[in-house]
1. Sort 647-653, 352-358, 693-699, 484-490 by the packing proxy (mean of other Cβ within 10 Å over each peptide's residues), most packed first.
2. Please compute, for the alpha-carbon atoms of region 217-272, the extent along each of the three principal axes and give them in descending order in Å.
3. Give the separation of the Cα centroids, region 331-358 to region 737-764, in Å.
4. What FRET efficiency, computed as 1/(1 + (r/R0)^6) with R0 = 51 Å and r the Cβ-Cβ distance, is obtained for Glu631 and Asp83, rounded to the nearest 0.05?
5. Roughly how many whole Å is it from the C-alpha centroid of region 225-304 to that of region 177-212?
6. Any chance you could list the semi-axes, whole Å, largest first, of the equivalent ellipsoid that the Cα gyration tensor gives for region 44-114, using √(5λ)?
7. With point charges of +1 on the Cβ of Lys and Arg and -1 on the Cβ of Asp and Glu, referenced to the Cα centre of the chain, which listed residue (Val595, Ala204, Thr452) lies farthest in the positive direction of the dipole?
8. Where the centre of each part is set by its Cα atoms, how far does region 621-692 sit from region 361-385, in angstrom?
Amino acid sequence: MTKVDIDKAFDFSQQMENEKKKQERVKKKVKKANKEKQREPLSSEEIEKEWQIILYKRKNTAKDQLRLEETYQAWKEGKIHPDPTVRRFSKAEALRMYWRLVDINRKEKLKEMVENTPSNYHLVQTEDQLEHVCDWFEKEKLVALDTETDGLDVLYGKNKLVGICLSFPTIDQHVYIPIRHNEGNQLPEDLVIEKLKPYLEDPAKRKVLHNAKFDAHVLKMEGITLRGIEMDTMVAMWVLNENEPTYRLKDLANKYAKYMGIKPEHDTFEELFGNSSFNEIPLDVALVYAAKDTDLTLKFYQFIERQLQREDLKKIRRLYYKLENPLIEVCIEMEQNGFLLNEDKADEIRKQLYKQKDEIERKLIEIFGDINFNSPAQLSKVLYDDMKLPDISGQRSTDKITLKKLAGEHKQIKLLLDYREVTKLLSSFIDKLPEMKKRTGRVHGQFIQSATHTGRFASREPNLQQLPTEARVMFQAPKGYVIIGADFSQIEPRVLAHMSGDTELQRPYKEGQDLYSTLASKTLGLPMEYCLDGAKDPQGREPRKMMKTGLLAVMYGTSMFTLSNQLEIPVEEAEQFINDFYKAYPKVDRWIKSVWEFVKENEYVETLYGRKRRFPRHKHKARLYDQLATEICRRLGTDSVPNNFWEYKQLPYKLKHQFQNVKGSVERVRRQAVNAIIQGSAADIMKIALLRLQNLCDKYEGWKILGTVHDEAILEVPETITPEQVAEIEQAMVGSVQLDVPLKVDVAFMYEWGNEISKDEWFR
């Protein structure tokens with residue numbers, strides 16, 4: 001036998017041996033499985049032992065721990081048991097038990113809800129019952145209204161009305177009218193809409209809602225224009241307390257239950273129905289859930305009304321009923337109008353930006369290698385280990401501020417910043433905007449009047465407040481129309497000039513001078529020729545540009561360190577800039593300090609229109625701050641606490657530590673208080689302007705308000721607009737409020753939003 005034959009024989013025998021071992025392993029597995037089948041279910045003692053390990057010896061998240069404890073208690077009570085097929089109890093099985101428990105509790109809760117349906121909750125399923133509802137509507141001056149839908153995309157979207165709920169306070173009756181549930185006896189939807197439409201569109205029939213905009217959009221899809229909004233309890237509660245953590249109806253009702261004479265309930269829609277859509281909910285359950293919402297809304301309205309009747313809340317009452325409540329209908333109009341999307345333009349911009357992104361990425365790979373440029377860890381390694389760049393942040397940071405500082409000496413970093421900018425532009429706006437288009441061909445964003453502490457509008461889907469020019473030009477005016485941007489010029493500095501009473505700050509406005517040039521000349525002590533737009537001083541600085549950034553810093557208490565970064569100047573120069581400004585405009589300095597004193601004693605500030613910004617528990621911290629600051633100054637023999645107080649060894653560590661702990665909180669409130677007055681007053685003025693502009697749009701055919709971005713109103717009007725009509729727009733805005741300085745509005749014309757044509761050029 002040759003060596004090759006021997007090797008082959010050996011290989012064959014080895015294969016046989018392996019096959020034999022494999023068969024033995026299979027037999028063992030089968031034997032073990034059969035043995036497991038014969039095994040008795042887990043005993044209570046075994047399960048209890050594992051429970052103790054899971055609850056007290058395993059690391060669980062806070063949420064999981066609560067779930068496990070609830071499940072353990074239910075198991076002890078015999079309410080739920082492990083899966084009998086499970087041979088070893090584990091944390092995974094315990095959590096599976098929790099979700100089975102949730103389902104059990106849900107069914108029990110729903111059963112209890114139906115069994116305890118209040119006698120004044122009624123399901124409307126016949127024409128006679130609907131006629132009764134109309135009779136009640138006829139007699140009532142005020143009703144609570146809510147709509148139920150099969151989803152949240154109701155503004156020219158895919159979701160639709162499922163049912164309407166109404167509460168009548170005088171007779172204390174609450175009805176739910178289903179129209180599109182999957183099962184159950186229901187009236188024809190056309191009949192219900194036809195009967196209710198006159199009442200829902202009648203402004204004399206006052207309606208109370210929670211999140212009125214949503215219901216208005218739902219009804220609009222059914223051909224109903226909701227009018228007569230007496231109160232949106234969500235917006236009203238925000239006006240009463242801008243610091244609420246949530247404005248969901250049930251959360252608010254639970255928090256204020258004892259003042260409303262109701263029992264708190266904590267079941268959310270998700271907890272009751274899981275992932276079910278409302279059209280899948282049985283009618284007897286739907287009645288209780290829906291009627292309770294309008295019942296709560298009505299009770300919450302009555303609670304809020306009692307608060308607004310208080311003598312100390314007269315200004316808040318005026319703010320709500322004269323400004324915020326009428327503005328709801330303006331917001332509804334803006335959202336329903338939407339911005340017309342030019343899809344061809346959007347596709348063109350998208351292709352250009354992706355081409356630009358690919359080119360930048362190719363260059364970056366040549367410089368840095370093939371890494372993930374969005375990964376801080378990978379980028380940090382390349383910058384600080386491979387390229388040996390200076391770690392100016394001390395934390396190997398790759399954030400925008402750090403990279404901008406490095407970009408001055410390292411051109412490749414500028415390329416990296418460009419990559420980030422174009423990537424963010426694509427992911428945040430360019431790619432998303434076409435997806436937001438509705439069947440109208442327009443993008444209908446949301447304008448949220450109750451989203452900020454200062455009263456300023458916020459927006460989403462898309463966020464128009466942050467929409468860059470590259471994205472704005474994707475929106476266009478329809479044929480025969482033009483987009484108008486009417487922008488308050490320098491409204492926040494004008495508010496500061498008014499509030500502070502500083503005549504020197506008011507002078508440029510009254511004499512028609514350029515504000516920032518004048519301020520730069522006076523603050524920096526430079527001849528005016530160095531302070532004109534685009535001019536530079538002997539040091540190579542742009543004083544006007546510096547002043548524009550610096551004034552905002554002064555207004556809002558920006559630290560010298562932040563201002564140093566913004567102006568790209570040394571910290572010492574930034575500090576000197578701030579000091580020079582206050583020397584030049586001492587009344588501004590005194591006014592700001594008076595705001596600090598006021599908020600310390602009262603824990604709130606007010607805008608020109610009476611909007612409050614509250615700072616709970618600030619008084620104690622501010623007084624402690626003053627005490628500690630006084631002690632530090634006494635020990636150092638100074639008039640104020642130096643910025644580098646940590647470096648003074650004669651100060652006890654405990655004293656420095658105490659001061660540091662309270663310093664951040666107090667200074668933050670000081671900044672926010674000043675900001676709340678200035679920005680909040682500007683927001684109030686803008687909101688008044690929108691109401692006046694809406695009246696103007698109602699006057700002229702084809703005029704629409706599309707939205708608002710900060711201090712600018714965006715309108716869509718026929719391109720035949722006259723100079724006299726433009727003057728009406730300007731007057732509607734500047735006439736919103738009387739200040740010690742004149743308001744000014746800049747008007748621009750655009751066929752594409754962002755590509756501006758001046759007023760003079762338009763009418764040339």
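Every number here is computed from the coordinates shown, using simple stated rules; none is lab data. The structure displayed is predicted, hence computed values, not measured ones. Please note: Cβ atoms are built from the backbone with ideal geometry, for glycine as well, and neighbour counts cover all protein chains shown.
1. Most protected by this proxy first, the peptides run 484-490, 693-699, 352-358, 647-653.
2. The principal-axis extents, from largest down, are 38, 30, 22 Å.
3. Centre-to-centre distance over Cα atoms comes out at 23 Å.
4. That gives a FRET efficiency of 0.20.
5. Here the answer is 18 Å between Cα centres.
6. 22, 14, 10
7. Sorting the options by dipole projection puts first Val595.
8. 40
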